[in-house]
Every structure is written in C-alpha cells, then in structure tokens.
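> My questions all concern the structure below.
The values are calculated or read from the model by the stated rules, or taken from the named source; none is laboratory data. Keep in mind the model is a prediction, meaning the values are calculated, not measured. Using ideal geometry, Cβ is built from the backbone for each residue, glycine included, and neighbour counts are taken over all protein chains shown.
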Amino acid sequence: MDLDTLLSFDWGTMTPEFIILGVATALSVLDLFMPKHVDRKVLGWIGFIGIIASILSLVMLIGGETTSILFDTFRLDSFAIAFKLILLVGSALVMLLAIDFPHNEGLEDYKGEFFYLFLAALLGAMMMASSGDLITLFVGLELLSIPSYILAGMRKRNLQSNESAMKYVINGGISSAITLFGMSYVYGLAGTTNLKGIATVFGGISDGQHIYLLGLAFFMIFIGLSFKLASAPFHMWAPDVYQGAPTPVTAFLSVVSKTAGFVIILRILLSVFGYIPVAGDEGQKIPLLFALQDYIGFLAGATMIIGNVVALRQRNIKRLFAYSSIAHAGYILVALTAMSFVTFDSIWFYLLAYVLMNLGAFAIIQLITAKTGSEDISHFAGLYRRAPLLAVTMGIFILSLAGIPGTAGFIGKLNIFLGALMVDQAHYVLVSIMIATTVVSYFYYFGIMTQMFFRPAADNAKIEMPAGITAVVIITAAATILFGVLPNVALDFLHANFNQFVDFMR
C-alpha cells in the first residue's frame, strides 16, 4: 500500500478508536515512568475522560453516510455506531467502578495495568462492531479476549482469581479455535474474507455439498461464539470467572463483553448466513439462517432454563449474577431466533437496558462486598436501615432484571416477547419458556430484596459511598426508570438516526 493510497482513506471514521488507542498508549507510558508512590487512580480518570471523548466523537458521526475504508475491512454504518454507543457508555461506567475498587490481594502493584488493559479490551470490542472482514472480526475478538484473561487473573495472590483466569483462558482458547475453524470453511468456499464479497458469492450458491459444509461452518461459528456469550451448555466457565475476577472485571465481562459477543454474532450470521439460499418446507428458497432457527431456539431455551434454575441455589452474589447473566443471554437469543422485523430494535434496546441495570447492581455489590469482606447474600441483610438510597436503587435494578413493569428490563422483555409472536410461524414454545423462567427468576431476585428490606442487619454501621460508585448508581437507576416509563426516548433516537434493520451490504 503506497502513501497516496494510505492518505486517501477517510481516517475520520476511526476517530473513536484512535482516541481509545491513544489514551491506552499514553496510560501505559505514564504508568511506566510515574513514581511508585503516586496513586494510579489518576490514570483511571484519564481513561474515563478518554472514553467520554470517544463517545462525543462517535455522536458527531451519527447521521453520516456509510463509510468503508482499508478495502472494506472497516465499515462505519448505523449498526456499528448504535452498538458502539452501548459499548462506550457501559465502559465509562465500568471505569468509574474500577477507579473506586479497593486495590488489594495483589492489585497494589498492578493498578496502572488495570486501566490500559481495560481500554485495550474495549478497543477490540469497538473494532468488532465496525469490522467488514472475517480477519478484522477475529483480530478484534482476540484483542477483546486476551486483555480480559489478564484482567480476570490480576489478583495474583488470590487462588479464586488464579482459577478463574485459568478456566477463562482454556475455554476462551477452545472457543476461538472452534470459531476460526468455522470461518476457515466460509473462506474456503467463498474465496474471500470480506463480508460483502462472501454475501455476493453465497447469494448464488446452489451446490448441495457446499451448503452442507456451510451448515457445519454455521454450527462451529455459533458454538464458538456461544462460549463468549456464556450461553448454555457452553456456560461452564462463567460462574467461576465471575466469582474469582475483581468486581469491575466481572461487570465488564457481564455487560460489555457480552454485548460485543452479540455484535460479532449479528455481523457474521446476518452478513454471511442470511444470504445462503436453501429449500424451505414448501419448496421455496429461504436463507440458511432461517432454516436453522430451531437450533438457535433450542440453545435459547436451554440457556434460559439452566441459567434461572441453577441460580436458585446460589449463595454467592457474584455467582448468582453469573447465572442471571446466562439467563439474560437466553432472552436475547429468543429475539435472534425470531428474526422478526423488530429483531435489531429488540436486541439493541435489551442490551442497553441490561448494561444499565446490571452495572448499577454491580456497583452496589462492589461496595457491599468491599465493606463486609464477603460475597454471601446474607450480608445484604438490613441494607435499607443502613443505607436507604443503596437499598432502593438496588431494588430498582432487581425489579428491572426481573422484568417488572415500570422498568427498562420489562420493556426489553416485552419487545422480545412480541417479536417472537409476530412472525409467520410464532415461537409459542420459546415464549412459554421465557415466561416460565422469568417467573422462576423472581425467587432468587426477590430473595435479595427480602434480605435488604425484611432481615435485621448484623452490622448497623453506615456505608459511605465513593463518588464514582455514587455517580454510577444514580445514572443507571435514573436511566432504568426513564427507559421503563418512556421507552420511546431510546427507540425514537434509534429510529431517527439509524436504519431500523441494518443493511450490511449497502
């Protein structure tokens, strides 16, 4: 590539990524030369400012034409901008949690690394959202995954953290290998790694053996990425990793990493397998993705059942939220299974609501576990008497996670529920499982509520809230109620600025 070609690209489309890359690089250099006695929290605040600047630069790109640079390997379309907003907002809130996280159990010497590794993982997620090529998708996936492995095991003198990192690396390596194997089939049959080129080639494919191989590729890619989503039965790593990792890392894996997982699934499945024609039940041609809906639906049903049922027996609050996260992945897979005209809207809104309510809950979990030194649910007993604001906001987050009306979580579930019923062949079984498992989730969610409001406190000492956690709790609680009462604030913004269903091939 010569210099003239390099300069001809519209590099402004990558401004948000350049900001995150620049800040991460600056933090690594600053951490290297800063005296050891200087508090590394300042690096966290610099990282937070960098994320805010990236959000502002992304907002300025809204409404522009779809732009493709680097030979169509990087695409800035409405899909990318919509999901990058969720990734950046979620990361900004996680950064506030990380700044106020007590650096103990081995983290004293690694405060600086924590912040720029976090930004590196965020950069990988953002690259995935804009990737127009299988290679850049996989590079973005690994750029997200490798720093996440390190972050999960940063508490070097904590055995649970060591165990979580080991399990995460092993499962992550296996899932990446399976995903890459599936991608190799796609490349071998298409002769290109570009998503647009793959769709063009596969749109006219008719050889039955090639379609059979693409079916195998679909299963390998979907199974490999299901590890990233922690969807059943590929969820085994999630509870141990969530429990052993530092709480800000757990929050990051629960919301930002999961959002990135759905981003890459949507990119690949809709761009590649949404264009392969196969014979339907009545002889008409339908996309391969639609022909394999039942398999995605089976995974969604199993994920909802296993996540919610196993959560009933959990006493550790972080393990409970790990299984809750598994269940919520199942709810989103219901929307993916339905493939209705509101699928994109439903997934985007649900991920937005999930980021808000889950990060708010993890902010309070971090505060309580740091004060008590334990992650047992019993330490939430009497929270209303000790810190009424914390108890009320935690109640809001739990009600939203449970899908109670008046919260963003309810609107998110309702959108998925309606989307699964408005297609030609309504998914009644899947919707029934969704309703039943949601009712099951009330038992463990309201168990936390019972502890907070109806159990006596073992310790009546007041709980002081650091500035960062206070900001996260207030912002997420207010947004959870706002989008629950006025969901059109978010949906109108989505429809006014983005295509309702993104055309990847435009």
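> All but one of (1) closer than 23 Å to Ile81 by Cα; (2) at pLDDT below 90; (3) of a type in the set (Gly, Ala, Ser) hold for Gly409; state the number of the condition that does not hold.
Only one criterion is unmet by Gly409, namely (2).
> Moving on to the next point. Report yes if some residue within segment 75-87 is surrounded by 23 or more Cβ atoms within 10 Å (Cβ to Cβ), closer than 18 Å to Met154 by Cα and either among the aliphatic types (A, V, I, L, M) or at pLDDT 90 or above (or both); otherwise report no.
No: segment 75-87 contains no residue that is surrounded by 23 or more Cβ atoms within 10 Å (Cβ to Cβ), closer than 18 Å to Met154 by Cα and either among the aliphatic types (A, V, I, L, M) or at pLDDT 90 or above (or both).
> Which one of these does Gln209 not meet: (1) in contact with a Pro (Cβ under 7 Å, 6 or more places away or on another chain); (2) assigned to a helix (DSSP H, G or I); (3) not β-branched (Val, Ile, Thr)?
Of everything listed in (1) in contact with a Pro (Cβ under 7 Å, 6 or more places away or on another chain); (2) assigned to a helix (DSSP H, G or I); (3) not β-branched (Val, Ile, Thr), Gln209 misses just condition (1).
> Still on this structure: Determine which single condition Phe138 fails, assuming it passes every other condition in (1) without any contact (Cβ under 8 Å) to a residue 60 or more places away in the chain; (2) outside any helix (DSSP H, G or I); (3) not charged (D, E, K, R).
(2)
> Go through (1) buried (at least 23 other Cβ atoms within 10 Å of the Cβ); (2) within 19 Å of Leu144 (Cα to Cα) and name the single condition Leu266 misses.
Evaluating Leu266 over (1) buried (at least 23 other Cβ atoms within 10 Å of the Cβ); (2) within 19 Å of Leu144 (Cα to Cα) leaves (1) as the failure.
> Would you pick out the residues in segment 419-456 that are within 15 Å of Phe298 (Cα to Cα) and assigned to a helix (DSSP H, G or I)?
Within segment 419-456, Ala420, Tyr428, Val429, Leu430, Val431, Ser432, Ile433, Met434, Thr437 qualify.
> In segment 59-91, which residue that is of a type in the set (Val, Ile, Thr) and part of a helix (DSSP H, G or I) is nearest to Phe262 (Cα to Cα)?
Residue satisfying both the conditions and the ranking: Ile86.
> Residues of segment 238-265 being polar (S, T, N, Q) and either under 16 Å from Thr303 (Cα atoms) or not in a helix (DSSP H, G or I) (or both), which ones?
Of everything in segment 238-265, just one residue is polar (S, T, N, Q) and either under 16 Å from Thr303 (Cα atoms) or not in a helix (DSSP H, G or I) (or both), namely Ser254.
> So, one more: If I filter segment 207-215 for residues that are closer than 30 Å to Ile305 by Cα and of a type outside the set (Ser, Thr, Tyr), do I get at least one hit?
Yes, the conditions are met somewhere in segment 207-215.
> Now, a different point. Pull up segment 462-506, narrow it to residues that are over 21 Å from Ala335 (Cβ atoms) and of a type in the set (S, T, N, Q), then point me to the one that is modelled with the lowest pLDDT.
Thr470
> State which residue is farthest from Leu96 (Cα to Cα) when the search covers only segment 33-45 and only residues that are part of a helix (DSSP H, G or I) and free of Cβ contacts under 8 Å to residues at least 24 places away in the same chain.
Phe33
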